[in-house]
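Inspection log for the structure reproduced underneath, given as structure tokens.
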Amino acid sequence: MSRFNSHEGRQTSGPSRRWVLSAAAGMALTAACSAPGNSSVGAGAKSAAGKAVSTTAPKGSVTLNLYVETGFPLPVKLAEEFQKQYPNVKVKIRQDQFAVITQNAPRVMASSDAPDLIRIPTIVASAKDGLLADLDGYARAYGWDKYSTGLIDQMRVSDKGVRGSGPLYALGIGYNITGIFYNKTLAAKIGMTNPPSTVAELESLLAKAKKAGIQPIVQFNDIGGVNFPFQALLNQYEDPSKIANWVFDRPGADLDTPATVKAADKIASWGAKGYFTSDANALTYTDMMSRFEKGGGLFMFNGDWESQNLAKSMGKNVGFFLAPPASAGGRLVAMSAPATYAIPAKSKNIATVAFFLNWVHTNSKARKIIVDVTGSSPGGPTDLALPAVADGSVVAQTLQATNDLAQKGVAVDFTANATAGIYANTIKPELQKLITGRETGAGFAKKLQADYEKELSQ
Amino acid sequence: MTLLSDRTALSGRRDPASPRPGPRLRARRWAGLLFVLPALVPYTVFVLRPLVVSAQYSLYDWNGIGAARFVGVDNYRRVLTSSEQLTPILHAFELILFFTVIPVCLGLVTAALLHGLPNGPLATTARVVLFIPQVIPLVAAALAWSWVYSSDGVLNQFLRTIGLGSWSRAWLGDFTWAFTAVGLVGSWVSLGLCTLLLITGINKIDPTLYDAARIDGAGPVQEFMAVTLPGLRREIGVCVTVTVIAALASFDIVYVTTQGGPGTQTLVPGLQIFQLAFTQREVGLASATAIVLMVLVLLVVTPLQRISRGAE
């Protein structure tokens, strides 16, 4: 409390107190002598690129440290199976909330006890800082470069910080697609027998549901989850390669386009018509899931990482379809991205982790674990059969959708992944305004592009 | 204290011709330093050093890992000129209404009322209930409040029960109400602290003053205005200072309840600094914002200190 009634304290400012304070300040200042940061951090990063790499099974006792997301059991289950097959490998797992990992990843990877494998959603900045191991050597040796290029290329980063080309810096453990889950009982009530084949059909279903007193869409938007339906529409209106360029930060990429305005206007009109819940801007992801599972809405825009959860809670009452094209017979375009895992450049077991990643993509038991735990596609060699799942289940539908997309569609990464700040600073607040009539489609498109350019220019 | 104040005569202002302090005095000076050391070391490592380092970072364009580029006062220019950086600062000042004005006013009334209560279980219970928010971690409190405010939360259930169902809404997701909702959580937290401090202050007021006031025929209101309020000047000063700092530097409550949303309705500098540093990896701009925030807090709090001490 002395801070607030320290008139006695004033008498104490003799030389010794001053000395002590200046010494303390001096100690503090010495910390600030040199410029912060470390330009040589990436010195070892490129080591794996040129050299021949080892692809043999790990020998001797090895300990791998994984840094993964809490509440997401997949890596844990995979590690258990891997240790069974390779008893000389011990896998230690550290878990944190997804947001915590994302925020701490650069510092954790730069530290002296960097993990051997880390769950990391955006890799550009870390790749540029030299924090990630270049996996090209392993990609060639293991044949990863022959996997579905649309997905693998998302994890390449050029030395200019542009995604889509350059060395490979990560791999997916599970390859996600997004689309629309629907409640079959509610769908039957409004006479929906087949998934809509155009955006217009989708809209007429929304209108029918609203009229019948059924909540058309349950979508979290406390942190900007309406970006799922927004991009689902944008993907249909805009040239997917333009969206990909934008997400990959290619120079000159521009999404302030009529298509963006159109998609955003549509989202605004859905908001005005009450297609989203009235509490959407406060609805959390968890609440959205439980509400949808309890039959609280007809549609939910989400990804196949929830397929198994929904199959467990809703049985055969849930279905899945990819966002329909703008006009009948159009090409399928869906948001799709791997759950990316990278090897820090400072890992001492890069070869073993690479072996583990290859095992995850190719071992039949590992692939089955991925499908059983999440419902996402395990990726891997295109000629490798997918693990069997129960016919008619929602998991079968999402896997089928993944296949359809790979064969005759286009996968586009999440616009939210374009830059580190775009989601929290622009997409989230703008979508919250958009669905409550406080922003127009044109205003949204303009702000999206302006903030994107501002962030990239910094 | 005497150890130090003894020596004020020998302070830096002493006559340059006078002899240097004798060995005994010097030894005492070092002994004094020894006592300060356990507090000074952590203070230097965890408060002074981060402060200096932040000031340094604020002059760089740095992502926290890679090479840093010196940009001078550019970050400060950005903080002070862009409306996106200024809106949160404005919100912080608006929060003073909820964190300071409401709790101090309510706290005064509550303290005066509690003072009138005879000491017993009722007064103790009332004090405990009022102080509980101070004991609960802010994050837990904010989580609990976000349930209260949710669309199926207690508040909306209550409104529906009393027939005001049309007023019910997702308070934290509502553009008009989110800020008030968040602010009231702050009022709830601060009220206990203010009340407790003020009760302690009232108990220190000489009871004869109350007797004198009563003999002069003062009613409860006059008594409050003429005796309690002036007697509490310093406690009020403490309450205002602590809560104003809490308002300007708020983070936890906003982070847990709204993350600054909907839109940017509840964005505050604390949250913005966090997002800049850890989400956007703009350590330089984040540090500059933090320094600006610190200066603002000092600018507001220093005169407050003067005012509350002015009477003495």
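I'd like the full set of residues that are farther than 21 Å from B:Thr195 by Cβ and not in a helix (DSSP H, G or I), limited to the range B:207-240.
If the condition is that a residue be farther than 21 Å from B:Thr195 by Cβ and not in a helix (DSSP H, G or I), then B:Asp216, B:Gly217, B:Ala218, B:Gly219 are the ones that fit.
Any idea which residue in the range A:129-150 is farthest from A:Ala57 (Cα to Cα), counting only those that are touching a residue at least 60 places away in the same chain (Cβ under 8 Å) and charged (D, E, K, R)?
A:Asp129
Give the number of residues within the range A:74-101 that are open to solvent by 60 Å² or more (accessible area, probe 1.4 Å) and outside any helix (DSSP H, G or I).
Matching residues across the range A:74-101 total 7.
Can you pull out every residue in the range A:124-146 that is assigned to a loop (DSSP other than H, G, I, E, B), farther than 16 Å from A:Ala354 by Cβ and either among the acidic types (Asp, Glu) or at pLDDT below 90 (or both)? Before the answer, list the steps.
Restricting attention to the range A:124-146, the residues satisfying the condition of being assigned to a loop (DSSP other than H, G, I, E, B) are A:129-131, A:133-135, A:143.
Those still in the list that are farther than 16 Å from A:Ala354 by Cβ too: A:129-131.
If the condition is that a residue be assigned to a loop (DSSP other than H, G, I, E, B), farther than 16 Å from A:Ala354 by Cβ and either among the acidic types (Asp, Glu) or at pLDDT below 90 (or both), then A:Asp129 is the only one that fits.
Taking the range A:102-126, which residues are among the small types (Gly, Ala, Ser) and more than 13 Å from chain B (Cβ to nearest Cβ)? Walk me through it before giving the result.
Taking the range A:102-126 as the starting set, the residues that turn out to be among the small types (Gly, Ala, Ser) are A:105, A:110-112, A:114, A:125-126.
Result: A:Ser112, single match.
Given the residues B:Val135, B:Val185, which is the only one that is open to solvent by less than 50 Å² (accessible area, probe 1.4 Å), over 26 Å from A:Val218 (Cα atoms) and under 24 Å from the mean Cα position of the chain (by Cα)?
Exactly one residue qualifies, and that residue is B:Val185.
For the range A:310-333, give me each residue that is assigned to a helix (DSSP H, G or I) and touching a residue at least 40 places away in the same chain (Cβ under 8 Å).
A:Leu310, A:Ala311, A:Met314, A:Lys316, A:Asn317
Give the residue that is nearest to A:Leu431 (Cα to Cα), with candidates limited to residues of the range B:258-274 that are open to solvent by 20 Å² or more (accessible area, probe 1.4 Å) and within 12 Å of chain A (Cβ to nearest Cβ).
Filtering first and then ranking leaves B:Thr264.
Looking at A:Ala351, A:Ala418, which one is small (Gly, Ala, Ser), in the same structural domain as A:Asn302 (by TED's automatic domain parsing) and over 27 Å from A:Lys312 (Cβ atoms)?
Every option except A:Ala418 fails the conditions.
How many of the residues making up the range A:50-73 are of a type in the set (Gly, Ala, Ser), open to solvent by less than 60 Å² (accessible area, probe 1.4 Å) and under 21 Å from A:Gly174 (Cβ atoms)?
Summing the residues that are of a type in the set (Gly, Ala, Ser), open to solvent by less than 60 Å² (accessible area, probe 1.4 Å) and under 21 Å from A:Gly174 (Cβ atoms) in the range A:50-73 gives 0.
Working carefully through the options A:Pro195, A:Pro251, A:Pro229, find the one that is in contact with a Phe, Trp or Tyr (Cβ under 7 Å, 6 or more places away or on another chain) and either open to solvent by 50 Å² or more (accessible area, probe 1.4 Å) or not assigned by TED's automatic domain parsing to the domain that holds A:Lys273 (or both).
Values: A:Pro251 fails: in contact with a Phe, Trp or Tyr (Cβ under 7 Å, 6 or more places away or on another chain); A:Pro229 fails: either open to solvent by 50 Å² or more (accessible area, probe 1.4 Å) or not assigned by TED's automatic domain parsing to the domain that holds A:Lys273 (or both).
None of the others qualify; the one that does is A:Pro195.
If you check A:Ala424 against the conditions, is it open to solvent by 20 Å² or more (accessible area, probe 1.4 Å), more than 14 Å from every other protein chain (Cβ to nearest Cβ) and either in contact with a His (Cβ under 8 Å, 6 or more places away or on another chain) or not acidic (Asp, Glu) (or both)?
In short, no.
Only one of these conditions is not met by B:Val148: (1) hydrophobic (A, V, I, L, M, F, W, C); (2) open to solvent by less than 60 Å² (accessible area, probe 1.4 Å); (3) farther than 30 Å from B:Phe251 by Cβ. Which number is it?
It fails just one condition, (3).
One residue is enough: does the range A:102-122 have a residue meeting the conditions in a strand (DSSP E or B), modelled with pLDDT under 90 and over 15 Å from the mean Cα position of the chain (by Cα)?
Within the range A:102-122, the subset in a strand (DSSP E or B) is A:117-119.
Subset that is modelled with pLDDT under 90: none.
The answer is no; no qualifying residue exists.
What pairs can you find where one residue is in the range B:64-81 and more than 11 Å from chain A (Cβ to nearest Cβ), the other is surrounded by fewer than 17 Cβ atoms within 10 Å (Cβ to Cβ), and their Cβ atoms are less than 9 Å apart, with a gap of 6+ or different chains?
B:Val79/B:Leu86; B:Leu80/B:Leu86
Determine which member of the set B:Thr195, B:Thr200 is over 27 Å from B:Ala92 (Cα atoms), out of contact with any strand residue (DSSP E or B) (no Cβ under 9 Å at 6 or more places or on another chain) and part of a helix (DSSP H, G or I).
Details: B:Thr195 fails: over 27 Å from B:Ala92 (Cα atoms).
Residue meeting the stated conditions: B:Thr200.
Anything in the range B:145-186 that is in a helix (DSSP H, G or I), away from chain A (no Cβ under 13 Å) and among the β-branched types (Val, Ile, Thr)? List them, or say none.
Residues satisfying the conditions are B:Val154, B:Thr161, B:Thr180, B:Val185.
Considering only residues that are free of Cβ contacts under 8 Å to residues at least 40 places away in the same chain and within 14 Å of chain B (Cβ to nearest Cβ), which ones fall in the range A:263-285?
Within the range A:263-285, A:Ser278, A:Asp279 qualify.
Quick check on this structure: which one of B:Ala226, B:Ala288 is small (Gly, Ala, Ser) and open to solvent by 10 Å² or more (accessible area, probe 1.4 Å)? Write out each step before concluding.
Working: B:Ala288 fails: open to solvent by 10 Å² or more (accessible area, probe 1.4 Å).
Just one listed residue meets the conditions, B:Ala226.
Select from the range B:240-256 the residues that are surrounded by 24 or more Cβ atoms within 10 Å (Cβ to Cβ) and within 23 Å of A:Phe98 (Cα to Cα) and list them in ascending order.
B:Ile253, B:Val254 - these are the residues of the range B:240-256 that are surrounded by 24 or more Cβ atoms within 10 Å (Cβ to Cβ) and within 23 Å of A:Phe98 (Cα to Cα).
The values are calculated or read from the model by the stated rules, or taken from the named source; none is laboratory data. On a predicted model such as this, the values are computed, not experimentally measured, just so you know. Neighbour counts run over all protein chains shown; Cβ positions are idealised from the backbone, glycine included. The area values use the complete protein model at the heavy-atom level, side chains included, leaving out ligands, DNA and RNA. Shrake-Rupley method; radii C 1.70, N 1.55, O 1.52, S 1.80 Å.
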